[in-house]
Amino acid sequence: MLDQATIDELRSRVIPDQHNFIDNQFVNNPATKRLDVDSPIDGRVFTSICDSSNEDVDSAVLAARGAFNRGDWSTCAPAYRKKILLKWAKLIEQHALEIAVLGVRDNGTDINTALKGEPLGAANTLRYYAEAADKLYGEIAPTSDTVLGLIHREPVGVVGLIIPWNFPLMIAAWKLGPALAAGNCVVLKPAESASLTLLRIAELAAQAGMPAGVLNVVTGLGPSCGEAIALHMDIDVLAFTGSGPVGRRLLEYSARSNLKRVYLELGGKSPNIIFADAANLDRVAKETAASIFRNSGQVCVAASRVIVENSIKAELCEKVLSYARSYRVGDPLSLSHNVGAIANHAQLRVIEEKVQLGISEGATLALGGKRILSDCGGYYFPPTVFLDVEPSMSIATEEVFGPVLAIIGFDTMNEAIEIANSTQYGLSSVVWTANLATAHTMIKSIKAGVVQVNCFSGADLTVPLGGVKQSGNGSDKSLHGFDKYINVKTAWISLDPN
Ligand code: NAD
């Protein structure tokens with residue numbers, strides 16, 4: 001049970017200037033430039049991180065390559081990797097509240113959500129992949145008796161990870177878990193506005209006994225530090241979560257460098273399709289509000305487009321608005337709030353601009369729409385609802401990545417499918433119906449990596465999360481999460497004595 005006094009003690013801690021974590025130590029390179037870190041809670045600077053250069057990235061890659069070639073992680077028994085990863089998960093759990101508060105100061109997620117989703121979620125994910133490490137077998141091919149065809153699974157080598165600012169630990173763990181359990185060595189770049197917790201858990205990995213150079217964290221700006229990673233000639237695989245425009249650049253960087261494999265988990269504009277026969281409209285409205293307003297909509301799978309059958313639209317809108325008004329937005333480290341801040345000032349500006357565009361395109365602003373609590377210096381935006389949205393409006397097609405809901409009506413199932421598929425994205429989707437045939441038709445017709453029927457946020461680690469269309473390729477989570485970080489190698493052995 002969380003108590004305010006402990007949270008307040010943790011939030012008052014002074015955070016010293018932070019340094020890159022390379023070869024199991026924090027490296028204080030006086031030549032490295034610095035970046036101020038301001039808190040979205042009050043806009044005040046509370047520490048600084050490295051603005052890493054090409055040389056800093058080179059040092060991290062050198063450490064990772066050295067560790068990979070040394071082999072004490074990449075060629076050891078998988079059971080050893082499992083042991084270290086389990087110890088790491090335990091240490092993260094033991095420091096969970098301290099880590100969660102640090103993360104909230106950095107990116108503004110409310111403390112309840114942050115604690116569960118970030119350190120505790122990351123520990124759970126690391127444990128899942130640790131347990132799988134010694135259960136992945138190679139294969140023997142079905143050949144004739146005169147040959148032996150063996151299919152080995154090998155770690156790829158040095159993996160670059162570029163992470164966004166929403167749920168940095170959760171998203172990083174989805175990649176670190178399989179990459180490390182498979183025996184790779186990693187260079188990770190967090191987002192510049194959410195680096196602190198990833199530096200902290202790297203330190204805990206070393207305490208857990210992870211060999212030097214296996215996990216390296218370099219901080220800095222995307223166009224310098226991120227670009228240096230993506231262009232690096234000695235990184236074999238790049239896994240990224242973030243925006244579409246940056247994902248596009250990473251593919252170019254790969255083409256311009258060593259053709260490293262690039263996996264992209266990008267944005268979404270997920271449809272939430274509500275049929276008139278949905279059971280319990282009140283529950284649908286409550287989950288509809290939660291699916292877009294929790295963490296201020298800064299969730300990749302946020303269901304930001306409601307597509308609702310016209311016969312129940314008015315009733316549904318009324319209920320959603322009522323739930324939207326019930327959210328308590330404010331200081332994310334106060335237990336009296338259940339929604340915190342927008343993670344950084346740049347994202348606040350993006351949300352403001354996209355809301356203005358919705359208004360100018362003629363959608364009806366029914367709730368919110370303006371920054372709140374600006375007197376405290378923090379970056380807060382209230383639940384915002386647009387009614388009378390046309391499927392072609394930008395508020396219906398472009399990702400906002402904020403607490404902004406667009407509500408669109410439909411009359412027939414075909415119309416609903418057409419609207420649902422009418423964006424460039426294909427990440428997640430939700431369908432509410434009591435009819436099994438309707439549910440199955442929708443599952444087959446919606447172009448998305450995930451279709452959730454009569455629930456939101458039900459999926460756990462056992463199933464993959466990945467997008468289609470311009471929402472990305474490959475997937476995180478589940479045992480499929482290993483695919484990105486493994487090479488299959490064929491050994492073809494003749495058994496013919498002649
Ligand atoms: P972003 O693309 O701006 O930044 C993501 C990361 O890329 C950061 O670490 C950033 O520093 C780095 N970066 C920026 N420019 C770069 C460059 N030129 N070269 C290399 N690296 C660069 O994204 P964001 O604003 O941090 O995150 C929000 C986006 O992430 C949204 O679009 C959201 O939908 C998406 N997202 C997707 C998922 C998913 O699983 N599909 C999950 C969470 C977030």
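Where the only charges are on Cβ atoms (+1 Lys, Arg; -1 Asp, Glu), what is the dipole of the chain about its Cα centre, to the nearest 20 debye?
500
Treat every Asp and Glu Cβ in segment 4-266 as -1 and every Lys and Arg Cβ as +1, leave all other atoms uncharged, and give the resulting dipole magnitude about the Cα centre to the nearest 20 debye.
On the way: 25 positive and 29 negative charges, 80 e Å.
About 380 debye.
At 1.4 Å probe size, with every protein chain present, just tell me what the per residue accessible area of segment 271-461 comes to in Å². Please list the in-between numbers first.
Details: 7480 Å² over 191 residues.
On a per-residue basis, segment 271-461 sits at 39 Å².
In segment 271-461, taking the dipole from charged Cβ atoms about the Cα centre, the farthest positive-side position among F410, P332, Q347 is held by P332. Restricting the chymotrypsin sites (Phe, Trp or Tyr not before Pro) of segment 99-160 to loop positions (DSSP other than H, G, I, E, B) with no more than 13 neighbouring Cβ atoms within 10 Å leaves Y137. One chain, two ends: S336 and L251. Fully extended at 0.36 nm per residue, the span grows by 26.2 nm beyond their Cα-Cα distance.
Note the per residue figure in Å³ for the convex hull of the C-alpha positions in segment 156-251.
Details: hull volume 8.7 nm³, N = 96.
About 90 Å³ per residue, rounded to a whole number.
Using only alpha carbon positions, build the gyration tensor of segment 4-266, then give the equivalent ellipsoid semi-axes as the square roots of 5 times its eigenvalues, largest first, whole angstrom. Each step should come with its number before you reach the end.
Working: eigenvalues 200, 96, 54 Å².
Semi-axes from the Cα gyration tensor: 32, 22, 16 Å.
Using a probe of 1.4 Å, the accessible surface attributed to C455 totals some 40 Å² when neighbouring protein chains are kept in position.
With a simple spin-label model that places each label point 7 Å from the Cα along the Cα-to-Cβ direction, the separation between T75 and V463 comes to 4.2 nm. Taking the inverse of the mean 1/r over every pair of distinct Cα atoms in the chain gives a Kirkwood hydrodynamic radius of 23.6 Å. Think of it as helices only: each DSSP H run of n ≥ 4 in the chain is worth -39500 (n - 2.57), and spread over all residues that comes to -11500 deg cm²/dmol at 222 nm.
Note down the relative contact order for segment 271-461 as a percent, whole number, built from C-alpha pairs under 8 angstrom at least six residues apart.
Working: 364 pairs, mean separation 51.2, N = 191.
Dividing the mean separation by the residue count of segment 271-461 yields 27 percent.
Do any trypsin sites (Lys or Arg not before Pro) in segment 304-342 lie in a loop, going by DSSP, with at most 15 other beta-carbon atoms within 10 Å of their beta carbon, and if so which? Working shown, then result.
Values: sites: R305, K313, K319, R325, R328; in loops: R328.
Passing both the DSSP loop test and the Cβ count: R328.
With viscosity 1.306 mPa s and temperature 10 °C, the Kirkwood radius over alpha carbon pairs of segment 271-461 converts through Stokes-Einstein to a diffusion coefficient of 95 µm²/s.
Less than 5 angstrom separates the built amide H of S52 from those of T219, G220, L221, all sequence-distant by 5 or more or on a different chain.
Roughly what % of DSSP beta bridges within the chain run antiparallel, to the nearest 5?
Working: 27 of 62 bridges.
Rounded to the nearest five, the antiparallel share is 45 percent.
Based on the Cβ-Cβ distance from E98 to L148, what FRET efficiency comes out when R0 is 60 Å, to the nearest 0.05? E between E98 and L148, to the nearest 0.05, is 0.70.
Between Q424 and Q207, what FRET efficiency comes out of the Förster formula 1/(1 + (r/R0)^6) with R0 = 56 Å and r the beta carbon distance, rounded to 0.05?
Working from the Cβ atoms, E equals 0.80.
The residues of segment 4-266 expose, per residue, 38 Å² of accessible area to a 1.4 Å probe. For D23, the solvent-accessible surface computed with a 1.4 Å probe is close to 60 Å², ligands and nucleic acids excluded.
If a spin label sat at a point 7 angstrom from the Cα of V453 along the line to its beta carbon, no backbone N atom of segment 299-329 would be nearer than 12 Å.
Out of all Cα-Cα pairs in segment 276-357, roughly what percent, to the nearest whole number, are more than 22 Å apart? Walk me through the numbers before you get to the answer.
Numbers: 1109 of 3321 pairs.
Roughly 33 percent, rounded to a whole number.
Only one residue of L196, V147, V158 has its Cα farthest out toward the positive end of the dipole of segment 145-205, where Lys and Arg carry +1 and Asp and Glu -1 on Cβ, and that residue is L196.
Taking 0.36 nm per residue of separation and subtracting the current Cα-Cα distance, fully stretching the chain between T397 and K116 would add 98.1 nm.
Between the amide H of A366 and those of V385, F386, L387, distances stay under 5 Å, these residues lying 5 or more places away or on another chain, with hydrogens modeled in the peptide plane.
To put it simply, the accessible area of the chain at a 1.4 Å probe is 54 percent carbon and sulfur. Ordered by solvent-accessible area of protein heavy atoms (1.4 Å probe), largest first, the residues R44, R81 come out as R44, R81.
Roughly speaking, what is the stretch gain from A434 to V350, that is 0.36 nm per residue apart minus the C-alpha to C-alpha distance, in nm to one decimal?
The A434-V350 span can extend by a further 26.5 nm.
Taking all Cα pairs closer than 8 Å and separated by 6 or more residues, the relative contact order of the chain comes to 18 percent.
The values are calculated or read from the model by the stated rules, or taken from the named source; none is laboratory data. Please read all numbers here as calculations on a predicted model, not as lab measurements. Because the Cβ atoms are built from the backbone with ideal geometry, glycine has one as well, and the counts that use them run over all protein chains shown. Please note that ligands, DNA and RNA were not included when accessible areas were found on the heavy atoms of the full protein model with its side chains. Shrake-Rupley method; radii C 1.70, N 1.55, O 1.52, S 1.80 Å.
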